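*Asks:* Please find one structure pasted underneath; my questions will follow.
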Amino acid sequence: MHLFHTEITEDNVCVLNPEESKHCVNVLRHVNGDTVSLFSRSGMMYTAKITDANPKKCALDIVEVKPIPKRSGFLHIAIAPTKNADRFEWFVEKAVEIGIEEITPLLCEHSERRVYKTDRIEKVAISAMKQSRNLNFPEINQATEFKNFINQGFKGKKCIAHCEEKTMALTDAITSEKSILILIGPEGDFSKSEIDMAISAGFVPVSLGNSRLRTETAGVVSCVFVAGNF
């Protein structure tokens, strides 16, 4: 059954946005009476029947509603946006496919990109959710300065992955942990002062292996390591 994203449900009636309507009607050739699946940011899954196959505003009646199962843990990755915007989008796509609950773009001393388009990133996330059928919509935050971010409260294991020195493996640091926050630095890595600030704020230095990874690769590797914990 084809899957679409929606945020508007009222009185058991739903209207898809223009992009999803066009895909549903013009591309997939759905007609009145067809049954499709929908998911929403609120964490609900719907079975719906098309009542008006309009390629600009496809209307549907909700037939069944059920909650989307959540993972047993919580992963938040705060990661510096890459200089190449496509690489950051690639990270978001793969992180969502693997499973992630929250993403924060992190502005660091060595950051080469300090602006990114939230709406574009959310579209990438929605596409990845539809592809993977991993339908828990991650919270995607506004870009935050490093020194402000590390002093925010977080109930769980806090880690900073960096290349400065030999540190504990991430897999050893998060054993049995179910709520995890990982900091991933920019192409030039975190500065020494940022690492010291993070450690003072309770972050544990961790390693992602012997290879020196690109920022976006480090983010995906972190998701894979944590996925084995949940």
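*Asks:* Considering every residue within the range 163-174, establish whether at least one is within 20 Å of Pro105 (Cα to Cα) and touching a helix residue (DSSP H, G or I) at 6+ places or on another chain (Cβ under 9 Å).
*Replies:* To start, the set of residues in the range 163-174 that are within 20 Å of Pro105 (Cα to Cα) comprises 163.
Imposing the further condition that a residue be touching a helix residue (DSSP H, G or I) at 6+ places or on another chain (Cβ under 9 Å) reduces the set to none.
No; the residues of the range 163-174 include none that is within 20 Å of Pro105 (Cα to Cα) and touching a helix residue (DSSP H, G or I) at 6+ places or on another chain (Cβ under 9 Å).
*Asks:* Do we find a residue being under 22 Å from Arg120 (Cβ atoms), of a type in the set (Phe, Trp, Tyr) and either touching a Ser or Thr at 6+ places or on another chain (Cβ under 8 Å) or assigned by TED's automatic domain parsing to the domain that holds Ser127 (or both) anywhere in the range 43-53?
*Replies:* First, pick out the residues of the range 43-53 that are under 22 Å from Arg120 (Cβ atoms): none.
So far as the range 43-53 goes, no, none of its residues is under 22 Å from Arg120 (Cβ atoms), of a type in the set (Phe, Trp, Tyr) and either touching a Ser or Thr at 6+ places or on another chain (Cβ under 8 Å) or assigned by TED's automatic domain parsing to the domain that holds Ser127 (or both).
*Asks:* Does Leu107 fit the bill of being in the same structural domain as Glu139 (by TED's automatic domain parsing), free of Cβ contacts under 8 Å to residues at least 40 places away in the same chain and of a type in the set (A, V, I, L, M)? Talk me through it step by step, then tell me what you get.
*Replies:* Working: in the same structural domain as Glu139 (by TED's automatic domain parsing): yes; free of Cβ contacts under 8 Å to residues at least 40 places away in the same chain: yes; of a type in the set (A, V, I, L, M): yes.
Criteria met by Leu107.
*Asks:* If you go through the range 108-126 one residue at a time, how many are of a type in the set (Gly, Ala, Ser) and touching a helix residue (DSSP H, G or I) at 6+ places or on another chain (Cβ under 7 Å)?
*Replies:* So the count comes out to 1.
*Asks:* From the list Pro69, Pro105, Pro81, which residue is under 21 Å from Ala198 (Cα atoms) and in a loop (DSSP other than H, G, I, E, B)? Walk me through it before giving the result.
*Replies:* Details: Pro69 fails: under 21 Å from Ala198 (Cα atoms); Pro105 fails: in a loop (DSSP other than H, G, I, E, B).
Testing whether each residue is under 21 Å from Ala198 (Cα atoms) and in a loop (DSSP other than H, G, I, E, B) leaves just Pro81.
*Asks:* Do the conditions hold for Phe74, that is, is it touching a residue at least 60 places away in the same chain (Cβ under 8 Å), over 20 Å from Phe146 (Cβ atoms) and of a type in the set (Phe, Trp, Tyr)? If you could, list the steps in order and put the result at the bottom.
*Replies:* On the way: touching a residue at least 60 places away in the same chain (Cβ under 8 Å): yes; over 20 Å from Phe146 (Cβ atoms): yes; of a type in the set (Phe, Trp, Tyr): yes.
Answer is yes for this residue.
*Asks:* Failed condition for Ala218, given (1) over 18 Å from the mean Cα position of the chain (by Cα); (2) in contact (Cβ under 8 Å) with a residue 12 or more places away in the chain; (3) surrounded by 13 or more Cβ atoms within 10 Å (Cβ to Cβ), with all others met?
*Replies:* (1)
*Asks:* I would also like to ask the following. Suppose the filter is in a loop (DSSP other than H, G, I, E, B) and out of contact with any Leu (no Cβ under 6 Å at 6 or more places or on another chain); does Phe137 pass it?
*Replies:* In short, yes.
*Asks:* Let me ask something additional. Read through the list (1) without any contact (Cβ under 8 Å) to a residue 60 or more places away in the chain; (2) buried (at least 22 other Cβ atoms within 10 Å of the Cβ); (3) in a loop (DSSP other than H, G, I, E, B), then give the number of the only condition that Ser176 fails.
*Replies:* With respect to (1) without any contact (Cβ under 8 Å) to a residue 60 or more places away in the chain; (2) buried (at least 22 other Cβ atoms within 10 Å of the Cβ); (3) in a loop (DSSP other than H, G, I, E, B), Ser176 is out only on (2).
*Asks:* On to the next question. Would you pick out the residues in the range 1-56 that are among the polar types (S, T, N, Q), surrounded by fewer than 14 Cβ atoms within 10 Å (Cβ to Cβ) and in contact with a Pro (Cβ under 8 Å, 6 or more places away or on another chain)?
*Replies:* Once the filter is applied, which keeps residues that are among the polar types (S, T, N, Q), surrounded by fewer than 14 Cβ atoms within 10 Å (Cβ to Cβ) and in contact with a Pro (Cβ under 8 Å, 6 or more places away or on another chain), the range 1-56 yields only Asn26.
*Asks:* Only one residue in Glu102, Glu89 is modelled with pLDDT of 90 or more and surrounded by fewer than 19 Cβ atoms within 10 Å (Cβ to Cβ). Which one? Spell out how you get there, then give the answer.
*Replies:* Values: Glu89 fails: surrounded by fewer than 19 Cβ atoms within 10 Å (Cβ to Cβ).
When all the criteria are applied, what remains is Glu102.
*Asks:* Let me ask you something else. Only one of these conditions is not met by Glu64: (1) modelled with pLDDT under 90; (2) over 24 Å from Val124 (Cβ atoms); (3) among the acidic types (Asp, Glu). Which number is it?
*Replies:* (1)
*Asks:* Lys155: farther than 20 Å from Val220 by Cβ, without any contact (Cβ under 8 Å) to a residue 40 or more places away in the chain and out of contact with any His (no Cβ under 6 Å at 6 or more places or on another chain), yes or no?
*Replies:* When the stated conditions are applied, Lys155 passes them.
*Asks:* Do we have Glu93 as of a type outside the set (Lys, Arg), in the same structural domain as Gly219 (by TED's automatic domain parsing) and either at positive phi or touching a strand residue (DSSP E or B) at 6+ places or on another chain (Cβ under 9 Å) (or both) here?
*Replies:* no
The values are calculated or read from the model by the stated rules, or taken from the named source; none is laboratory data. This one's a predicted model, so the numbers in the text were calculated from it and none came from an experiment. Reconstructed Cβ throughout: ideal geometry from the backbone, glycine too, with neighbour counts over all protein chains shown.
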